[in-house]
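*Asks:* Once you've had a glance at the structure underneath, I'll fire off some questions.
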Amino acid sequence: MSHTFANGFNAGRAFIYATLVFFALLYISPLYIILTTSFKDIEEIRSGNLLALPDEPTLYAWIKAWGSACTGSDCNGLAPFFWNSIRIVIPAVLISTIIGALNGYVLAQWRFRGSDMLFGALLFGCFIPFQVILLPMSILLGKMGLANTISGLVMVHVIYGIAFTTLFFRNYYVAIPSDLTKAAKLDGAGFFSIFTNVFLPMSTPIFVVTIIWQFTQIWNDFLFGVVYSGSGTQPITVALNNLVNTSVGGKEYNVDMAAAVIAALPTLLVYVVAGKYFVKGLTAGAVKG
Amino acid sequence: MLARIENYLPKIVLAPTTVVMVVCMYGFIAWTAVLSFTKSRMLPQWDFVGWDQYERLFNNPRWLVAIDNLGIFTLLFIAISLVLGLVLAIFLDRNIRAEGAIRTIYLYPMAVSFIVTGTAWKWILNPGLGIEKLVHDFGFTDFEFRWLVESDMAIYTIVIAAVWQSSGFVMAMFLAGLRGVDDNIVKAAEIDGASPARIYWHIILPIMRPVFFSSIIVLTHIAIKSFDLVQALTGGGPGYSSDLPANFMYTFAFNRAQMGLGAASAMIMLFSVLAIIVPFLYSELREKK
């Protein structure tokens, strides 16, 4: 319910709208500036107005950002790193979501002595600053031969994503009366068949929330990417940062901006298409971590 | 036999997660803790030196700057995000036309990575071509805005970008909270002749205490973990004037081969988070019982 007041404050409505619109413009302006800058040529950027629309829109910056901009010593654009991120994100999201679903199912419906404590101990993982695990993890990855590999990054994202995915599913399944599981058990259904026949069919919303959450988290990750990837396996966030900080020749702000949009596009797209679920995950996950 | 396995299935399903959690969370934290008492540099080694690394840490001017910055950043970031998020939520809650569209605009920055945010704001705040030039173009040629390259102001650019990215999320939390407020209480107060301002201040805001609480926790958590934004926006510069603890840890542990010192800084970060999270978790869990 929105709240309306019968009395007074009507003079204030103009003020309310003005404030809301003012801030909407403020929030949208960076996106507007990035987009317009990415379609300008460098001459226009130097001489023209920051807020002006491009005089002669050009795809130059986009083509260069995608295919030939320098990210450190390589000059192959963001494309290879975009694919790296996809190769990291897809398995990491799927594996951590499936593990989270099963964990959540056990923790909500098959409690045993100590299971609540286990959940509490796991929940803690949503809160730790990852700096405390960076060093030992890099040594473990080295010992496993996974240093600087895509598989290594997938593993790290799965391990530190499980706390969140488990939390999501556990909180979703805990709201489902345990009588349902008990009745199914009496009918002779087993652990997995109850999961696939009873719980999975009603889990679509929570799967969507979890997948979106994990996708956004992992696609946007920089810390693990910068610490655990090598020159050929960097995710797009690391490549974008390198691209912006590489200055071969003159600084091309239009290329930087096109690169930023390319890096942001997948998650922005998810936000536009499934914003409702995105917000749900944000508030559910964020309240807890 | 099969029935016996069936009985253990829930525990078997949780076993891998439990092992990974014990090793990769708690084990790794313990490992980092032990490391922080050694003089490890390039590689871990086990010569114990007591609290030496912590002493070195707190005698390191760069760490002291990082801590100061964290204080400034956390305080401003939280205060501004809270006020902005609350005001926007209250205004949006007053039967606004196009509420959905405006909400979408406030929240979209949350979908992009801090690296993208940093890249965008680095361009907007660019001393030569960004906002400064824009204001010059409007005729105010004396205008100066070069926080990005001023040692004592660079940290505030981090605040600006972080507020842009996260305040929409606070708005979403407050809006959800406001929608949960019982309309009858508000109506009763109205009948008693209370003004909207008084109703918000004396009735609605106190009800929203938990939202304030969890917003502050989440924002503090974001602040202490902040790493990518600094890396992308200022690179910690000029010099190390805008470093945060997470950037300090990364630089010393991975670029300067000062493992022991890096581990000590990570432990300090962990304990800062714990100091905030533990009371929160405690009260959360107690409320639920």
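*Asks:* Take B:Met153, project a point 7 Å from its Cα along the Cβ direction, then tell me which residues of the stretch B:50-74 have their backbone nitrogen under 18 Å from it.
*Replies:* The answer is B:73, whose backbone nitrogens lie closer than 18 Å to the label point.
*Asks:* Run the helix sum for chain B: -39,500 (n - 2.57) per DSSP H stretch of 4+ residues, divided by residue count, reported at 222 nm to the nearest 500 deg cm²/dmol. Please report the intermediate quantities before stating the final value.
*Replies:* Numbers: 14 runs with 192 residues, N = 289.
My calculation for chain B gives -21500 deg cm²/dmol from helical runs alone.
*Asks:* Find the centroid of the Cα atoms in the stretch B:149-226 and in the stretch A:192-232, then give the distance between the two in whole Å.
*Replies:* With the stretch B:149-226 and the stretch A:192-232 each reduced to a Cα centre, they are spaced 29 Å.
*Asks:* To the nearest 10 degrees, how steeply does helix A:236-245 sit against the main Cα axis of chain A, on a 0 to 90 scale?
*Replies:* 30
*Asks:* Note down the nm distance, to one decimal, between modelled labels 7 Å out along Cα→Cβ at B:Leu43 and at A:Ser29.
*Replies:* Those two pseudo-labels are separated by 5.5 nm.
*Asks:* Given H placed on each backbone N at 1.01 Å, which residues far from A:Thr71 in sequence or on other chains put an amide H within less than 5 Å of it?
*Replies:* The answer is A:Asn76, A:Gly77.
*Asks:* Another question, then. On C-alpha positions alone, give me the angle between the axis of helix A:253-288 and the longest principal axis of chain A, in degrees, nearest 10.
*Replies:* 30
*Asks:* Could you give each residue of the stretch A:209-225 its phi-based ³J(HN,Hα) in whole Hz, using Karplus coefficients 6.51, -1.76, 1.60 with θ = phi - 60°, and x for Gly or Pro?
*Replies:* So the J values, rounded to whole Hz, are 4, 5, 5, 5, 4, 5, 4, 5, 4, 6, 4, 8, 4, 10, 4, 4, x.
*Asks:* Can you list, by residue number, the Cys in chain A that have no neighbouring cysteine C-beta under 4.7 Å?
*Replies:* Taking the Cβ cut-off of 4.7 Å, the unpaired cysteines of chain A are A:Cys126.
*Asks:* If amide H atoms are built 1.01 Å from N in the plane of the peptide, which residues on other chains or at least 5 residues away come under 5 Å of the amide H of B:Ser242?
*Replies:* B:Gly237
*Asks:* Another question about this same structure. All other residues with a Cβ under 15 Å from the Cβ of A:Lys40 taken together, and with Lys, Arg as +1 and Asp, Glu as -1, what is their net charge?
*Replies:* Details: positive: A:Arg46, A:Lys64, A:Lys251, B:Lys133; negative: A:Asp41, A:Glu43, A:Glu44, A:Asp55, A:Glu56, A:Glu252, A:Asp256, B:Asp137.
Local net charge: -4.
*Asks:* Long-range amide H contacts for B:Thr38: which residues qualify at under 5 Å (H placed 1.01 Å from N, peptide plane, sequence gap of 5 or more or a different chain)?
*Replies:* Residues meeting the criterion, in which the H sits 1.01 Å from N, are B:Val49.
*Asks:* Next question, about the same structure. Mean shadow of chain B, computed from the convex hull of its alpha carbons, in nm²?
*Replies:* Values: hull surface 96.1 nm².
Average projection, Cα convex hull of chain B: 24.0 nm².
*Asks:* Taking the Cα atoms of the protein assembly as shown, report the difference between the largest and smallest coordinate on each principal axis, in whole Å and largest first.
*Replies:* 83, 72, 47
*Asks:* In which sequence would B:Phe91, B:Phe145 go, from the one with the fewest C-beta neighbours within 10 Å to the one with the most? Could you put the intermediate results ahead of the total?
*Replies:* Numbers: B:Phe91 21, B:Phe145 17.
Going from least to most buried by this count: B:Phe145, B:Phe91.
*Asks:* Find, among the trypsin sites (Lys or Arg not before Pro) in the stretch B:1-80, those assigned to loop by DSSP (not H, G, I, E, B) with at most 15 other beta-carbon atoms within 10 angstrom.
*Replies:* Values: sites: B:Arg4, B:Lys11, B:Lys39, B:Arg41, B:Arg56, B:Arg62; in loops: B:Lys39, B:Arg41.
Loop-located and lightly packed - B:Arg41.
*Asks:* Filter chain B for me: DSSP H helices, axial length by Cα at least 27 angstrom, mean Kyte-Doolittle hydropathy not below -0.5. List them by residue number.
*Replies:* Numbers: long enough: B:2-21 (28 Å, 0.86); B:61-92 (45 Å, 2.09); B:154-179 (38 Å, 1.49); B:259-288 (41 Å, 1.26).
Result, helices passing both filters: B:2-21, B:61-92, B:154-179, B:259-288.
*Asks:* Cα-Cα over 26 Å: which of A:Lys276/B:Lys11; A:Lys64/B:Lys122; A:Lys64/B:Lys225; A:Lys251/B:Lys133; A:Lys40/A:Lys276? Could the numbers behind the result be given before it?
*Replies:* On the way: A:Lys276/B:Lys11 35 Å; A:Lys64/B:Lys122 20 Å; A:Lys64/B:Lys225 33 Å; A:Lys251/B:Lys133 17 Å; A:Lys40/A:Lys276 34 Å.
Cα-Cα > 26 Å for A:Lys276/B:Lys11; A:Lys64/B:Lys225; A:Lys40/A:Lys276; rest within.
*Asks:* Another one. Over chain B, with a Gaussian network built from C-alpha contacts below 10 Å, which listed residue (B:Ala111, B:Ala266, B:Ala15) shows the highest mean-square fluctuation?
*Replies:* It is B:Ala15.
*Asks:* A follow-up question, please. Can you grab the distance from the C-alpha centre of the stretch B:1-59 to the C-alpha centre of the stretch A:77-105, Å, no decimals?
*Replies:* Spelled out, the Cα-based centre of one part sits 24 Å from the other.
*Asks:* When a footprinting reagent is the concern and you count Cβ atoms within 10 Å, what order do B:His221, B:His136, B:His202, A:His157 take, fewest first?
*Replies:* Details: B:His221 19, B:His136 14, B:His202 11, A:His157 25.
Taking fewest neighbouring Cβ atoms as first place, the list is B:His202, B:His136, B:His221, A:His157.
*Asks:* So what are the ³J(HN,Hα) numbers for the stretch A:31-41, from phi and the Karplus equation (6.51, -1.76, 1.60; θ = phi - 60°), rounded to whole Hz, Gly and Pro as x?
*Replies:* With the stated coefficients, the stretch A:31-41 comes to 5, 4, 5, 4, 5, 5, 4, 5, 9, 9, 8 Hz.
*Asks:* Using only helices, what value at 222 nm comes out for chain A when you add -39,500 (n - 2.57) per DSSP H run of length 4 or more and divide by the total residues, to the nearest 500 deg cm²/dmol? Write out the running numbers ahead of the final one.
*Replies:* On the way: 13 runs with 201 residues, N = 289.
Helices in chain A give a 222 nm mean residue ellipticity of -23000 deg cm²/dmol.
*Asks:* Which of the GluC sites (Glu not before Pro) found in the stretch B:85-181 are loop residues per DSSP with 12 or fewer other Cβ atoms within 10 Å of their Cβ?
*Replies:* Values: sites: B:Glu99, B:Glu132, B:Glu144, B:Glu150; in loops: B:Glu144, B:Glu150.
Answer in residue order: B:Glu144.
*Asks:* Per residue, how much space in cubic angstrom lies within the convex hull of the C-alpha atoms of the stretch A:11-58?
*Replies:* Numbers: hull volume 3.5 nm³, N = 48.
Given the Cα convex hull of the stretch A:11-58, per-residue volume reads 72 Å³.
*Asks:* Cβ neighbours within 10 Å, averaged per peptide: list B:270-277, A:89-96 in order, most packed at the top. Don't skip to the end; give the middle numbers.
*Replies:* Working: B:270-277: 16.1, A:89-96: 20.4.
Going from most to least packed, we get A:89-96, B:270-277.
*Asks:* Give me B:Asp93, B:Asp243, A:Asp74 ranked fewest to most by other Cβ atoms within 10 Å of their Cβ, as a rough exposure proxy. Intermediate values should be presented prior to the final figure.
*Replies:* On the way: B:Asp93 21, B:Asp243 27, A:Asp74 16.
Lowest to highest Cβ neighbour count: A:Asp74, B:Asp93, B:Asp243.
*Asks:* Relative to the longest principal axis of chain A, what angle (0 to 90°, nearest 10) does the C-alpha long axis of helix A:79-109 take?
*Replies:* It is inclined by approximately 20 degrees.
Read-outs: derived from the displayed coordinates by stated rules, not from any lab. Keep in mind that this is a model prediction, so the values were computed, not measured. Please note: Cβ atoms are built from the backbone with ideal geometry, for glycine as well, and neighbour counts cover all protein chains shown.
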